[in-house]
Amino acid sequence: MIDKSKKYCNSLTEYSRYKTREVFIGKVPLGGNNPIRIQSMTTTDTMDTVATVEQTIKMVDAGCEYVRITAPSINEAKNLENIKNELRKRECNVPLIADIHFTPNAAEIAAQIVEKVRVNPGNYADKKKINQQEYTSEEYNAELRRIREKFTPLVNICKEYGTAMRIGTNHGSLSDRIMNRYGDTPLGMVESALEFVRICEGLNYYNIILSMKASNTQVMVQAYRLLVNRMINEGMNYPLHLGVTEAGGGEDGRIKSALGIGTLLEDGLGDTIRVSLTEDPEYEAPVAISLVNRYTNRKGHKTITPVDENPIDPFTYSIRKSFELPDIGGSNHPIVTADLSSNKDISYDDLKDIGYTYDAVKDNWNVSDIAADFIFTGNNNLSFPIPSGLMQICNYQHWLSLCEDKNSYPLLNSTDYLTVNKLSEVLNFLKIHFDELTEELIEKLKNENNTVLIIETKSHHGMAEQRRLVFALMSKKIENSVIIKRDYKNISLDEMRLFSSTDLGALLIDGMGDGVWITVNQILTDKKENEKTTFVNESKPKFINRTLFGILQAARVRISKTDYIACPSCGRTLFALQETTEMIRKRTSHLKGLKIAIMGCIVNGPGEMADADYGYVGSGIDKISLYRGKEVVRKNIPSSKAVNLLIKLIKDDGNWVDPA
Ligand code: SF4
């Protein structure tokens, strides 16, 4: 039995959905035994009834089971009635959710019209009191009493009208009160929601859904786990709405969302999900559906040996200790392996796809920021010397034939590993499944620091089996480095990107994994309806290599490019956010490690842009304010000049480098 202090799901080895109470959103219930529901949010102006209705219908056609609409003030809240009437007239019965920040009076009107309201406990009836740094217990309790007074009317209206409520904490917008007591932490996020839950329960209102969103995937996953742990220990069972905020768009947005949301889904958490992308909202549902569909038949997978103890702290990030070898393990960042074994004639172009460009004139190699660290060549020979810094792994027998090559290392299976006489003195790679971790192998590994384990799985619940294997290594005190390898077949590259982000990311986010490796066979090319393909005309190794670096970045374990924190936009956005994000991305994508936030509105943007280095925030119609960290440095500049001024700000700060 997992200790209560670490428990956050039914099982770490057997797929099983964490059972929550059933809550009705109109006629579409979630939680309990209901399927995981798909939802999204409109980006139109809520006062534009026709545009909002048409976008809602598109989203429903794409698979949304609930649609959220922003209600920043009383006028928009009132207009929800027109939107709802028009939708019903067009025979669209999707339950509507009003998104509220700061404005209790808008919430109280909306709660009488729509099926659910979402409040943010960080800013419901709360203003930022920048000057207040400390709260005494008395002041803290007085604040709680004030919140209770402001919040009670909404709860009473929800009770009267049968309206559900999401208490949705955002990492970036915690109240001063919470920040003061708990800091900017998962615990602060959980407490922020629970304060509001306790008020609801005091009023006998239980139609509650909870969320703990963050742009930082580690914080997001830890906060949801901690919330469930608190619910288990306090006898609560509210359904969970999962999402990663400000995930951005395209490839990065998909990887980040699949990593954060998928990690929780793997452990059976989540009753509804929203994939939030800086794209038109009808593109979000197909991604969400792909993520959720993986679990339809997950139950009943082959048994994985249960664990009695969770050897890691699931609420805090820490790295599994591993031996430090010259290029892997210990304090090295996780490495990327490119699998070129199916390619008999590996060429300069193949290496270009994985980040190494040969300059024939200068006779040297240019290495990109996302250059693979190892290549696996199987039984193939290379007809040219590979760049220094790149290392080759090949099959054991082939390696024997190359034994003079100092840059190549053997890959063995467990039978060979236990029987052969000759191994590399520098580095050996051993591929194993959980079942192969015998006592004999454990004994040998204890004396072979320079063996790196390539962990594989054939389990239908693969992440859990690989995690179980790492747990077994930890309990046996085996500190050999581990590369997480997944083999996919019969899926599209779009699906592979989502699934690998979950499968590898769920281990990386818990500090397990010194490297990553993916293979894909039999790629399906059928595009699903509404699916947006975000890659064109590129080779499979190039796509996989970029995906792997994307996963490491999204898990925050290896930073190789600029980090964008972009909100999905909503009715509050007053500039062309998607185009602007693309423009900023084009001009700054070479600024490795810099975090740039592009946020639709001044109301929530600055609070929610988390730990960005620079912020580009909409502050009026075609007006932008620029931020350095949390400090506003240019106010209300025309959007036509704002991108150039952002670049100038980065240059003035000395954070600019010219693109290569
Ligand atoms: S930050 Fe973006 S998504 Fe959030 S309220 Fe503002 S415009 Fe809407």
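Sequentially through the range 474-479, phi angles give Karplus couplings (6.51, -1.76, 1.60; θ = phi - 60°) of 5, 5, 8, 6, 8, 10 Hz, Gly and Pro residues having no value and appearing as x.
Angle, helix 493-508 long axis vs. longest principal axis of the chain, Cα atoms, 0 to 90°, nearest 10? In the chain, helix 493-508 runs at an angle near 90 degrees to the longest axis.
Among residues other than Lys89 with Cβ under 15 Å from its Cβ, the summed charge is -1 (Lys and Arg +1, Asp and Glu -1).
Coupling constants for the range 270-280 follow from the phi torsions by the Karplus curve (6.51 cos²θ - 1.76 cosθ + 1.60, θ = phi - 60°), and in residue order they are x, 10, 8, 10, 10, 8, 10, 10, 7, 8, 4 Hz; glycine and proline get x.
I'd like the antiparallel share, as a percent to the nearest 5, of DSSP beta bridges with both residues in the chain. Here the share of antiparallel DSSP bridges comes out near 20 percent.
Normalised by the number of residues in the chain, the average gap of Cα pairs under 8 Å and 6 or more apart makes the relative contact order 13 percent.
Taking each residue as 0.36 nm, the span from Lys302 to Asp435 lengthens on full extension beyond its C-alpha to C-alpha distance by 46.7 nm. Charge tally around Glu149: other residues with Cβ under 13 Å, Lys/Arg +1 each, Asp/Glu -1 each, net +2. What the Cβ-Cβ distance of Ile74 and Glu201 gives, at R0 = 22 Å and to the nearest 0.05, is a FRET efficiency of 0.20. Computed 3J(HN,Hα) for the range 205-215, one whole-Hz value per residue from the Karplus formula 6.51 cos²θ - 1.76 cosθ + 1.60 where θ = phi - 60°, is 10, 10, 7, 10, 10, 10, 9, 9, 8, 8, 7, glycine and proline marked x.
Between the Cα long axis of helix 49-62 and the first principal axis of the chain there is an angle of about 40°, rounded to the nearest 10.
Measuring nothing but how far apart in sequence close Cα pairs (under 8 Å, 6+ apart) lie, relative to its length, the range 513-660 scores a relative contact order of 15 percent. Please work out the C-alpha center-to-center distance from the range 390-433 to the range 150-186 and express it in whole Å. Computed from Cα coordinates, the inter-centre distance equals 56 Å.
Of interest is the spacing of the C-alpha centroids, which for the range 612-639 and the range 441-482 amounts to 48 Å. The modelled label-to-label distance between Glu309 and Asn141, using points 7 Å beyond Cα along the C-beta direction, is 4.1 nm. Extension gain, Lys344 to Lys89: 0.36 nm times the residue separation minus the Cα-Cα distance gives 85.6 nm. With a cut-off of 14 Å between beta carbons, the residues surrounding Cys158 carry a summed charge of 0, where Lys and Arg count +1 and Asp and Glu -1. In this calculation the C-beta distance from Leu418 to Lys58 is compared with R0 = 60 Å, giving a FRET efficiency of 0.55. Volume per residue for the chain equals 159 cubic angstrom (convex hull of Cα atoms). Going down the list Lys561/Lys586; Lys352/Lys592; Lys561/Lys648; Lys213/Lys586, which pairs span over 22 Å between their C-alpha atoms? Exceeds cut-off: Lys213/Lys586. Compute the long axis of helix 137-161 from its Cα atoms, compare it with the longest principal axis of the Cα atoms of the chain, and write down the angle in degrees, 0 to 90, nearest 10. Once rounded, one gets 80 degrees. Rounded to the nearest 10 square angstrom, Asp487 shows an accessible area of 80 square angstrom against a 1.4 Å probe. Over the residues of the chain, the helix contribution to mean residue ellipticity at 222 nm works out to -11000 deg cm²/dmol, using -39500 (n - 2.57) for each DSSP H run of at least 4.
Rounded to the nearest 0.05, the FRET efficiency derived from the C-beta distance between Thr525 and Asp363 at R0 = 51 Å is 0.85. Relative contact order, whole percent, for the range 56-213 stands at 21, derived from Cα pairs under 8 Å and 6 or more residues apart.
Counted residue by residue at 0.36 nm each, then reduced by the alpha carbon distance between them, the extension gain from Asp327 to Glu234 reaches 28.9 nm.
The values are calculated or read from the model by the stated rules, or taken from the named source; none is laboratory data. The shown structure was predicted, so the numbers you read here are calculated from the model rather than taken from an experiment. Here the Cβ is made from the backbone with ideal geometry for all residues, glycine too, and neighbour counts use every protein chain on show. Surface areas here come from the heavy atoms of the whole protein model, side chains and all, with no ligands, DNA or RNA. Shrake-Rupley method; radii C 1.70, N 1.55, O 1.52, S 1.80 Å.
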